[in-house]
Amino acid sequence: MNVRLQPGDAAPDFTLATDTGDPVTLSSLQGRKVILFAYPRAMTPGCTKEACDFRDSLTGLQAAGYAVLGISPDEPEALAKFVERDGLTFPLLSDPEHKVLEEYGAWGEKKNYGRTIQGVIRSTFVIDERGTVELAQYNVKATGHVGRLKKQLGLDA
């Protein structure tokens with residue numbers, strides 16, 4: 001049974017290693033709004049498209065007070081290659097045991113090329129300054145997702 005976070009839920013706190021190996025703790029970002037997006041695997045086509053869209057929108061998101069974090073089961077070394085290859089300018093978090101992904105409901109059964117597998121459910125969470133989930137989106141499409149999210153957040157000007 002998958003947990004699904006809802007607006008108003010407390011965002012589960014975590015500490016995870018980034019692409020640089022440095023730890024990031026969600027609660028240390030209190031006072032800032034956070035966009036946490038879960039993606040299946042570094043350097044795959046859909047994940048690259050989504051991450052690059054966040055990169056290209058980062059200035060506007062930061063100006064509106066948002067920090068952006070990506071999370072996947074990739075090891076920090078793979079994340080570092082992804083950051084370098086695509087010039088990503090926000091932290092990518094490594095969750096190889098998918099503990100945090102499970103707490104956020106972003107790990108579970110999904111269809112992949114007609115087969116049912118266990119894996120990352122592409123999801124995005126907007127967390128407010130107090131650590132409360134403002135928005136939880138599951139099974140998002142990589143292409144166009146950042147534009148749709150900005151529109152929902154009133155940032156599409």
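The values are calculated or read from the model by the stated rules, or taken from the named source; none is laboratory data. This is a predicted model, so every value here is computed, not measured. With ideal geometry, Cβ positions are generated from the backbone for all residues, glycine too; neighbour counts draw on all protein chains shown. Remember, those area values only see protein heavy atoms, side chains included, never the ligands or the DNA or RNA. Shrake-Rupley method; radii C 1.70, N 1.55, O 1.52, S 1.80 Å.
Just a few scattered comments:
- Rounded to the nearest angstrom and listed largest first, the equivalent-ellipsoid semi-axes of the chain from its Cα gyration tensor are 20, 18, 17.
- Taking the 1.4 Å solvent-accessible surface of the chain as the whole, the part contributed by carbon and sulfur is 50%.
- The residues packed around LYS150, meaning those with a beta-carbon under 10 Å from its beta-carbon, carry a net charge of 0 if Lys and Arg are +1 and Asp and Glu are -1.
- Exposure of LYS99 as accessible area (Å², to 10), given a probe of 1.4 Å and all protein chains: 130
- Of the residues HIS145, HIS98, ranked by 1.4 Å probe accessible area with the largest first, the sequence reads HIS98, HIS145.
- For ALA11, nonlocal amide neighbours, meaning residues 5 or more places apart or on other chains whose placed amide H falls under 5 Å from its own, are THR132, VAL133.
- Amide proton proximity set for ALA67, modelled H, under 5 Å, gap of 5+: LYS33, VAL34, ILE35
- Listed values for the range 24-39 are Karplus-derived 3J(HN,Hα) couplings in whole Hz (6.51 cos²θ - 1.76 cosθ + 1.60, θ = phi - 60°), namely 10, 10, 4, 4, 6, 9, 4, x, 10, 7, 10, 10, 10, 10, 9, 9, and x replaces Gly and Pro.
- Per residue, the accessible area of the chain comes to 50 Å² when a 1.4 Å probe rolls over the protein heavy atoms.
- Area of ASP128 that stays accessible when all protein chains are in place (1.4 Å probe, Å², to 10): 10
- Residues whose amide H comes within less than 5 Å of that of LEU93, counting only those at least five positions distant or on another chain, are GLY70, ILE71, SER72 (H built at 1.01 Å from N in the peptide plane).
- For the range 70-142: rounded, prolate or oblate by the Cα gyration tensor [a/c cutoff 1.5]: oblate
- Whether the range 100-157 is rounded, prolate or oblate, judged on the alpha carbon gyration tensor where a/c under 1.5 counts as rounded: oblate
- Flagged links, alpha-carbon separation over 26 Å, of LYS49/LYS110; LYS33/LYS110; LYS49/LYS150; LYS99/LYS151; LYS81/LYS151; LYS33/LYS99: LYS33/LYS110; LYS99/LYS151; LYS81/LYS151
- Prolate/oblate/rounded call for the range 1-53, Cα gyration tensor, a/c under 1.5 rounded: oblate
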